[in-house]
1. Scan around A112 for amide H atoms under 5 Å from its own, H built in the peptide plane at 1.01 Å from N, and keep only partners 5 or more places away or cross-chain.
2. Take the alpha carbon atoms of the range 240-276, find their center, do the same for the range 321-363, and report the distance between the two centers in whole angstrom.
3. Using 0.36 nm per residue of separation minus the Cα-Cα distance, give me the extension gain between K375 and D224 in nm, one decimal.
4. Rounded to the nearest whole Å², what accessible area per residue is found for the range 246-315 with the 1.4 Å probe?
5. Please list the non-local residues whose amide H lies under 5 Å from the amide H of L187, H modeled 1.01 Å from N, same-chain partners needing a gap of 5 or more.
6. Sorted by mean Cβ packing within 10 Å, highest first, what order do the peptides 208-216, 311-319 take?
7. Carbon and sulfur together cover what percent of the accessible area of the range 260-391 at a 1.4 Å probe radius?
8. A332's amide H: which non-local residues (gap 5+, or another chain) put their own amide H closer than 5 Å, with H modeled 1.01 Å from N in plane and none for Pro or chain starts?
Amino acid sequence: MLEPTTFAIATTSIEPPTIPESSIPQTTSVPIAGPHKYQGCYTEGNGVRALGGKLFANDTMTIDKCASACAEFTYFGLEYGRECWCGNHFGASSTSTKEDECSMPCGGDATAKCGAGNRLSVYDKEKESGGSSEMPSPITSSMEAPAFTIVTMSPPVMASVPAPSSTMSVPSPESSSNPSGKHNRGLPFGNSTKFIKHWHDKEDSQISWAYNWASIASEDFPADLEFIPMLWGSPQNGDNKEWMANAQLSLDRGSKHILSFNEPDSCFSDQSCLKPEAAVDSYKTNIAPFAGKAKLGSPSISNGGGSMDWLKNFMELCKDCPIDFVPVHWYANPDSLDYFKEYMKNASVIADGKPVWITEFSADGTEEQQIAFMKEILPWLDAQPYIERYAWFMAAPELKTGALVNKDGFPNALGDTYAYYKGLPPV
């Protein structure tokens, strides 16, 4: 998600793929999910969708269909004329905006408006007495305002992924907790190693590795962590001498893995932005030569619309490449546990038996909400044999939401949960 030099992230908007209309709850006549009241046109939030509880999408979307699909939620919003977003609260910095900014007609009812790009026509359920509920204030954190601009990711409807063939060796998604027994949690960090030096101050820390989107670590990188070099994007003008030298030096210092291109599927947010064909060519030139010296990761995709299709295309084009693990990223709301699990299972199918790494993930919300999310998802992650490593975003105190450390470089309450919580494996 970050560029290794500037660490700046621009906002993006990516349209998710179409899913069959059958995915939306249907009856003979589409029911309205109780009374609902229009609240106005709203922007997307920072770091996560404004409404991220669930997503439905098709080309015949109407307000009533969306209301029915979001029956279990307090709010629903329509976007791009065809997307229906549900949620019980709003993501950070989602605000009301000019009504004419929600100008797209609904795909199934041209007389109604269904948002626009990064704009939602928002409704809520009226109270039985007939009065409408007030729109909530967006969830914010008490932490300092970030130096980073967090990307507005678009959690997509899951792209069509083929079922595993009889030759695929995809591990069972539910298994005993952390069968390898190794500590597989990592730390994305910025330019300073100050924020990754106190993760083994107590016994039984689960942290074992770190990276900062760069090809080499500073001399004061902690000896108790593995640094993992990354080739953030394809070298400009084909000049890869610096990358090759730095990557080899990192391996000489003890690195055992290499990460390749950062979110090449995302071309609207200052990421590496590569077509699968170009990524394959660059991978063969710049990553493959290290086969046998380190474990090699395919490009790290976002969870924006089309990300799974990009990964699938890359893996098919690079089927003869030396690839040892498949990294992915994920950002959404803390109540999106099912979406998280389904996304990882789909990634494991495309990985075709190779381990999956989650090199960036986070859930927007208060620190309390994020800790609750961690306590649900960490035992599940450790129970999946196909998920080899994962890394919460990130060890940087300036983040408005998701920071794992305080300004003195020590784990905060969220970081302490991340480093030491194991819990019970899911039943």
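1. Here C106 satisfy the definition.
2. Measuring centre to centre over Cα atoms gives 19 Å.
3. On the way: separation 151, 0.36 × 151 = 54.36 nm, distance 2.48 nm.
Fully extending the segment from K375 to D224 adds 51.9 nm.
4. On the way: 2440 Å² over 70 residues.
Averaged over the residues of the range 246-315, the accessible area is 35 Å².
5. W209, A210, Y211
6. Details: 208-216: 21.2, 311-319: 18.6.
The peptides rank, most packed first, as 208-216, 311-319.
7. Details: 1850 of 4060 Å².
Here carbon and sulfur together make up 46 percent of the probe-accessible area.
8. The list, which skips near neighbours in sequence, is S362, D364.
The values are calculated or read from the model by the stated rules, or taken from the named source; none is laboratory data. If you're wondering where the values come from, they're calculated on a predicted model, not measured in any experiment. So basically every Cβ, Gly included, is an ideal-geometry build from the backbone, and we count neighbours across all protein chains shown. What goes into the accessible areas is simple: the full protein's heavy atoms, side chains included, and nothing from ligands, DNA or RNA. Shrake-Rupley method; radii C 1.70, N 1.55, O 1.52, S 1.80 Å.
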